[in-house]
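Reviewing the structure listed below.
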Amino acid sequence: MADEVVLLGTYVSMFAVRVKIALAEKGIQYEYKEENLVNKSPLLLQMNPIHKKIPVLIHNGKPICESLIIVEYIDEVWNDKSPLLPSDPYKRAQARFWADYVDKKIYDGGKKIWTTKVEEQEAANKEFIECLKVLEGELGDKPYFDGESFGFVDLALIPYYSWFPAYEKFGKFSIEPECPKFVAWANRCMQKENVSKYLSDPDKIYDFVVMLRQRIGIA
């Protein structure tokens, strides 16, 4: 009997994009349901009653929540191809550390750029660039964070790249001159069909951020 796999997500969510890429890397067929986070579906509320957030992966009727946990679950269940996490326990722990760093620093830092007051903009931009430079240091001369092949940290980070043009427009700064190695890594990732096919359109992300800024009273 074939596995029944359903993904609840939203188009603009970098967290849902992670799961789409992981499923694509594994060649898993699934049903995708776009959620309206203003009017959440009964299915979402039933499957994630604690946080009531996307993404949620439903595998044979059982929900798995939180994007990095979902990606690890996918890697463990469908372990016959395209490993996402290293097999070495230490390298696996390091990969989890850097994926966690991404969510703590890049998510918060990016949000600060488009929500901050004008007088605090330069500081927000600088903080964000410093975080990218830390990631550049970890990347080093490797093609991918996990080495020669696209892996867990790359998958955790690349969905954010769709948001970078919005960060640059609202922050009035440019990332590539400051972090050329990071941008080269992102372009390398986007050459993969399983990445480029599922990344959100930066123009739609920009429009979404404009709407969010209006909602919270930022012109």
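Listed residues L68, L84; which is touching a Gly at 6+ places or on another chain (Cβ under 7 Å) and within 30 Å of A2 (Cβ to Cβ)?
On the way: L68 fails: touching a Gly at 6+ places or on another chain (Cβ under 7 Å).
One residue alone meets the criteria, L84.
Would you check if there is a residue in segment 41-53 being touching a Phe, Trp or Tyr at 6+ places or on another chain (Cβ under 7 Å) and under 18 Å from P159 (Cα atoms)?
Scanning segment 41-53 turns up no residue that is touching a Phe, Trp or Tyr at 6+ places or on another chain (Cβ under 7 Å) and under 18 Å from P159 (Cα atoms).
What tally of residues in segment 38-91 results from selecting those that are at positive phi and touching a helix residue (DSSP H, G or I) at 6+ places or on another chain (Cβ under 7 Å)?
The number of residues fulfilling the criteria is 2.
Out of all the residues in segment 161-182, which are assigned to a helix (DSSP H, G or I), open to solvent by less than 10 Å² (accessible area, probe 1.4 Å) and more than 17 Å from V210 (Cα to Cα)?
F182
For L85, are the conditions met, namely being part of a helix (DSSP H, G or I) and either surrounded by fewer than 17 Cβ atoms within 10 Å (Cβ to Cβ) or of a type outside the set (G, A, S) (or both)?
Numbers: part of a helix (DSSP H, G or I): no; either surrounded by fewer than 17 Cβ atoms within 10 Å (Cβ to Cβ) or of a type outside the set (G, A, S) (or both): yes.
No.
Which residue, of V5, V19, V56, V12, is at pLDDT 95 or above and touching a His at 6+ places or on another chain (Cβ under 6 Å)?
V5
Report, by residue number, each residue of segment 38-62 that is open to solvent by 60 Å² or more (accessible area, probe 1.4 Å) and outside any loop (DSSP other than H, G, I, E, B).
P42, L45, Q46, K62, listed by residue number.
For segment 201-219, give me each residue that is at pLDDT below 95, open to solvent by 100 Å² or more (accessible area, probe 1.4 Å) and not in a loop (DSSP other than H, G, I, E, B).
Q214, R215 - these are the residues of segment 201-219 that are at pLDDT below 95, open to solvent by 100 Å² or more (accessible area, probe 1.4 Å) and not in a loop (DSSP other than H, G, I, E, B).
So if I check each of A95, A99, A22, A2, which one is open to solvent by less than 20 Å² (accessible area, probe 1.4 Å) and either over 20 Å from A156 (Cβ atoms) or touching a Pro at 6+ places or on another chain (Cβ under 8 Å) (or both)?
A95
The values are calculated or read from the model by the stated rules, or taken from the named source; none is laboratory data. These figures come from a predicted structure and were not determined experimentally. Glycine also receives a Cβ, built like all others from the backbone with ideal geometry; neighbour counts cover every protein chain displayed. Just the protein is used for accessible areas: all its heavy atoms, side chains included, with ligands, DNA and RNA removed. Shrake-Rupley method; radii C 1.70, N 1.55, O 1.52, S 1.80 Å.
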